[in-house]
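Have a look at the structure below before the remarks.
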Amino acid sequence: MEKQEYTITLYTENSIGMIGRISGIFSRRKINIESLNTSPSEVDGIHRFTILITESEEVVRKLCRQIEKQVEVLKAYFNTNDELIWQEQALYKVPAHVIAEKAYVERLLRQYGANVVVIRNDYIVFETAGHREEIDRLTEELGKYKLIEFVRGARIAIIKESAGFHSKLIQFEKTEPSPEIVENEFLDQQDNVFTM
Amino acid sequence: MSTLEKTEKEQTAPATTQQLSGSQAVLEALIHEGVDTIFGYPGGAIMPIYDALYDYNDKLTHILVRHEQGGIHAAQGYARTSNRVGVAFATSGPGATNLVTGLADAMIDSNPIVCITGQVFASLLGTDAFQETDVINITTPVTKWNYQVTDATEIPGVLAKAFYIARTGRPGPVLIDITKNAQLQLFDYKGYEFCNHIRSYRPKPIVRHEYVEQAAQLINEAKKPFVIFGQGVILGKAEQEFKNFIEKGGFPAATTVMGLSALETDHPQHVGMLGMHGNYAPNVMTNECDVLIAIGMRFDDRVTGRLDKYAKQAKVVHLDIDPAEIDKNVKATVPVWGDCKETLPLLTNLISRVDHSNWLQEFRELEKEEIKEVIYDELNPTSDVMTMGEVINVLNELTGGNAVIVTDVGQHQMVTCRYAKFNSSNSNVTSGGLGTMGFGLPAAIGAWYGAPDRDVVAIIGDGGIQMTIQELGTIMQFGAKVKILILNNEFLGMVRQWQQLFHDRRYSFVNITSPDFVAVAKGYYIDGNKISERKDLRNALKTMLDHDGSYLLEVMVGKENNVFPMVAQGTSVSEIRLK
């Protein structure tokens, strides 16, 4: 199976050591995490991890089951890029004189929809958000004009088809598991499950 | 709220809150969880708990082991024979790191274990304090759950959670690290509440009836159905449900190493053991059957051999409580996800009563080949030196198959698993997944505390015994009636076998010398004997079994005997070698 970008979205308890427990599942299998973001989620008290990796679907599916097996993980989802709305943010520190002298740089920043965050006599900080390729292109262009500092944030993503976690959590909080939380939903998609 | 409800509430609430130390709360929790035996070793950071234990001597038995690794292996042995949670105590730093091998072993073999480790004062965490180690991070990959307590008020809740997680679902080890200040801290103890739900944890997946139905239909259509079962049957306490299932369906059934004793060895449908050194018929038939029904087993590489040539002709029904096991190694045609205690009866109801005696007979024909090529000579050798197999065979005759058999790791383990007879469940204690040499002796001590009315025989090689031989001191001090049977071939036999077969007999550091084991035992005031002649075997084993108390018997066996059959690494199960 071909490798492609997958974004793994986890809903977890907000407890110390979660990042270690989760990242160990990847490193143990020698899988590189391309970006990892942790943040609050739409549900109070529930943490959301967004993890980007490039792997085959089979590997990602197995990884998600291992992750979901962790006691403090409520749910693991994995999605391809077309199932997501996603963004990455970047910050650029550029010498002020470059902007003043080179009209091209100013045009470039406008073209990429970069916003000014800070203006000083010696440098200007721009911010842009978007897909990786755009950020990479802008970085490459700015690199020609003495880019002093550059940083790109981890991917954050919204799942197009998701109805959020509120109703799921209610099911999780019940002592008796309910079919609503469809723990084995991935099995439904299994192509070769025997059909009657 | 009605008055009735009110009175009930008041009755269940504790009369008064009392001041307890964190250490006392730990011991109260153990008592509430039904713990009677702790295996442990004290040290600086766990001293407050040991101080409290001084006053709980009448309610909790503490076995002072000689090394923390021995402590956790003993807790594992205890868990395996008693079907209860095993408990081990250790101090911070080296005490805790000495638990790691046992945690990894318990993790891969799904043993319910709760380890309590002491930790330096919370104010010293991260300062490289004396005997400080980052135990939580070290043990994360080898625990089902772990947690560090820095405040005593957390203790009752955290321990309730620890026991709940360790014993439910697919069991596993849990480690609770408690800082010394939390052990000493006094707090208002409001009684102990059992944990029966954690919102982020689903121990028992919901049984999907459509899959049970699909599985039943597949099984009913099968001409050559074959059941392979693992420890899940024992952990699910589903031995009877399992037997009902195979008897109604008439299926041949083979066990994994960990599944041994779930079905009595003499059962007419028991066709032997799977895997690298398993029996001939079940390995060959794995690639002949049309429906493979896997129950509570995880398709370990030692069971499957070469995966791309494993049961490719068969439809696979996989029953497991752990969703992550489905499709992990072998793709399931129908996954029956759930506790086999629940799913097996559902499946039994839906399957037809079929006579598969012709199919079963095919297994028996292959078994005859194995008897002719391997088993007969192993059990009736013509050479002067004894074989491991004949020792186990005589032991079977003397115990009748009623003993708890504990093994270490290596040739003696494979031979024992192949030939030992089991009449009842929870009788096989071995290190299956991790293959931990040194497991046998301490595990046997724990196994005896878990089943003190049963004969416990620890069968160990001359290599493995030397890894944890210090636990003879535990036996000496506390009197566990463990029978230690050392099968001495004067080699690290399994490695030697591989070097012989796959490395041109280049015997690289497998020649191990041994002390006078009987003298060592004597030094620990344990009786013993050493034999090297066949004529002494039966009497020596009988003396060992009849002895009231622990006993060590060393039996000299053939130096360069190999364990066969064998599925060589990288080959298919159907390419199993008989010699």
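Just to be sure before I move on: is A:Ile67 under 22 Å from A:Lys160 (Cβ atoms), over 15 Å from the mean Cα position of the chain (by Cα) and aliphatic (A, V, I, L, M) in the structure I sent?
The answer is yes for A:Ile67.
Return the only residue of B:Thr81, B:Thr153, B:Thr168, B:Thr101 being among the polar types (S, T, N, Q), within 12 Å of chain A (Cβ to nearest Cβ) and either closer than 29 Å to B:Lys204 by Cα or surrounded by fewer than 19 Cβ atoms within 10 Å (Cβ to Cβ) (or both).
Answer to the selection: B:Thr168.
Kindly provide the set of residues from the range A:20-41 that are within 11 Å of chain B (Cβ to nearest Cβ) and not basic (Lys, Arg), ordered by number.
Residues satisfying the conditions are A:Gly20, A:Ile22, A:Ser23, A:Gly24, A:Ile25, A:Ser27.
Tell me, which residue of the range B:376-407 that is part of a helix (DSSP H, G or I) and charged (D, E, K, R) is nearest to B:Val457 (Cα to Cα)?
If we take residues in the range B:376-407 being part of a helix (DSSP H, G or I) and charged (D, E, K, R), then B:Glu397 is nearest to B:Val457 (Cα to Cα).
State yes or no: is B:Leu395 touching a residue at least 40 places away in the same chain (Cβ under 8 Å), under 27 Å from B:Asp536 (Cα atoms) and aliphatic (A, V, I, L, M)?
It is true that B:Leu395 is touching a residue at least 40 places away in the same chain (Cβ under 8 Å), under 27 Å from B:Asp536 (Cα atoms) and aliphatic (A, V, I, L, M).
Looking at (1) more than 10 Å from chain A (Cβ to nearest Cβ); (2) more than 26 Å from the chain's Cα centre (by Cα); (3) of a type in the set (Asp, Glu), find the lone condition where B:Asp177 falls short.
Just one mismatch for B:Asp177, condition (2).
Which is under 18 Å from B:Val354 (Cβ atoms), β-branched (Val, Ile, Thr) and buried (at least 24 other Cβ atoms within 10 Å of the Cβ), of B:Val233, B:Val257, B:Val227, B:Val291?
Only one candidate qualifies: B:Val227.
Does the range B:237-254 include one or more residues that are more than 27 Å from B:His412 (Cβ to Cβ), under 23 Å from the mean Cα position of the chain (by Cα) and of a type in the set (A, V, I, L, M, F, W, C)?
Yes, the conditions are met somewhere in the range B:237-254.
Checking the structure you have, find out if any residue of the range B:350-372 is within 14 Å of chain A (Cβ to nearest Cβ), in contact (Cβ under 8 Å) with a residue 60 or more places away in the chain and not basic (Lys, Arg).
Checked against the condition, which is being within 14 Å of chain A (Cβ to nearest Cβ), in contact (Cβ under 8 Å) with a residue 60 or more places away in the chain and not basic (Lys, Arg), the range B:350-372 yields at least one hit.
So B:Gln183 passes all but one of these: (1) within 13 Å of another protein chain (Cβ to nearest Cβ); (2) polar (S, T, N, Q); (3) buried (at least 17 other Cβ atoms within 10 Å of the Cβ). Which condition number does it fail?
Condition not satisfied by B:Gln183: (1).
Identify all residues within the range B:214-244 that are away from chain A (no Cβ under 14 Å), touching a Gly at 6+ places or on another chain (Cβ under 8 Å) and assigned to a helix (DSSP H, G or I); write none if there are none.
Passing the criteria: B:Gly232, B:Val233, B:Ile234, B:Leu235.
Would you confirm whether or not the range B:414-433 contains a residue that is aromatic (Phe, Trp, Tyr), buried (at least 24 other Cβ atoms within 10 Å of the Cβ) and part of a helix (DSSP H, G or I)?
no
Kindly indicate which of B:Thr387, B:Thr348 is modelled with pLDDT of 95 or more, of a type in the set (S, T, N, Q) and under 27 Å from the mean Cα position of the chain (by Cα).
Step by step, each of B:Thr387, B:Thr348 is checked, and only B:Thr387 is modelled with pLDDT of 95 or more, of a type in the set (S, T, N, Q) and under 27 Å from the mean Cα position of the chain (by Cα).
Among the candidates B:Ile72, B:Ile46, which residue alone is of a type in the set (A, V, I, L, M) and touching a helix residue (DSSP H, G or I) at 6+ places or on another chain (Cβ under 7 Å)?
That would be B:Ile72, the only listed residue that is of a type in the set (A, V, I, L, M) and touching a helix residue (DSSP H, G or I) at 6+ places or on another chain (Cβ under 7 Å).
As an exercise: evaluate B:Pro203 against (1) buried (at least 23 other Cβ atoms within 10 Å of the Cβ); (2) within 10 Å of chain A (Cβ to nearest Cβ); (3) not aliphatic (A, V, I, L, M) and give the number of the one condition it does not meet.
(1)
Any residue that is at pLDDT 95 or above, under 16 Å from the mean Cα position of the chain (by Cα) and of a type outside the set (Ser, Thr, Tyr) - is there at least one of those in the range B:113-128?
Yes, that holds for at least one residue.
The values are calculated or read from the model by the stated rules, or taken from the named source; none is laboratory data. The shown structure was predicted, so the numbers you read here are calculated from the model rather than taken from an experiment. Note: ideal-geometry Cβ built from the backbone for every residue, glycine included; neighbour counts use all protein chains shown.
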